[in-house]
Amino acid sequence: MATTKRAKAKKNAIDDNYLIELYMNDVLETNEEPRNAYAFCKKHEIEESDFYAFFGSLDIVKQTIWLKFFDNAVTTIEKEAAFENYLDKDKLLTLCFTLFEVLTLNRSYVLFSLKENKEGLKNLKNLKLFRNHFKEYIVNKIKSKPSEPFGKVAKVTEPVFSEGAWLQFLFILKFWMDDTSKGFEKTDVLIEKSVNTVVDLLDTKPLESLFDLGKFLWKEKMQ
């Protein structure tokens, strides 16, 4: 069967970003996932072979969406000429603030992605690629230019610190998901306090920072 000019043009426009856009629009408009790749492709008049040229499954689409969130944040912060000269604490703060700016722009999808099975953060398989790149980025930034106080422990605690940074991110993510403050300003406060606590645990005043963080979390929980 001859291919029409319209079909050719549509085929030429297909790439990973186009497929991701279709997928995100579908789940947000219907509040449910496509049943399978066949149903997704049929709805959008896409050849399955074109879909599989970019993604091996819909699960990989979901993981790639989160990876795109991370890549967008990294691209944004590394455009800042001064970023490489930041102290590690400031790099971590910048990464966290920028990540949550990206997530806020996509909040409806993020909430769907993490709550689709009504399990919240137990449903972390969608974050698999995101987690790997997040931890790798943390380690590479520590290795590339050690600074105080991280430099003191970089040689022996890179895996521990990267895992700790990941758990910290999940902690903030859960808070952000439940945050109803204007502009998610309470999440901003939590980001600053939690990052300062991680840094100070490697420095000289952990108890003071932990107490400050604890007061904030207790106040939010009791309201």
Review point. In the neighborhood of residue 59, defined by Cβ-to-Cβ distances under 11 Å, what is the net charge if each Lys or Arg adds +1 and each Asp or Glu adds -1?
Key: +2
Exercise for review: Report the label-to-label distance for residue 189 and residue 171 in nanometres (one decimal), using points 7 Å from each Cα along the Cα→Cβ vector.
Suggested key: 1.7 nm
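Sort 44, 133 by accessible area with a 1.4 Å probe, largest first. Working shown, then result.
Working: 44 30, 133 70 Å².
Listed by decreasing accessible area, they come as 133, 44.
Give me the percent of accessible area attributable to carbon and sulfur for segment 18-83, probe 1.4 angstrom. Spell out each step's value before the answer.
Details: 1680 of 3620 Å².
Exposed carbon and sulfur together represent 47 percent of the surface.
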Revision key, fill the gap. Cβ-Cβ cut-off under 12 Å around residue 68, Lys and Arg +1, Asp and Glu -1: the net charge is -2
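The values are calculated or read from the model by the stated rules, or taken from the named source; none is laboratory data. All values reported here derive from a predicted model rather than from experimental measurement. Here the Cβ is made from the backbone with ideal geometry for all residues, glycine too, and neighbour counts use every protein chain on show. Surface accessibility is based on the protein's heavy atoms, side chains included, excluding ligands, DNA and RNA. Shrake-Rupley method; radii C 1.70, N 1.55, O 1.52, S 1.80 Å.
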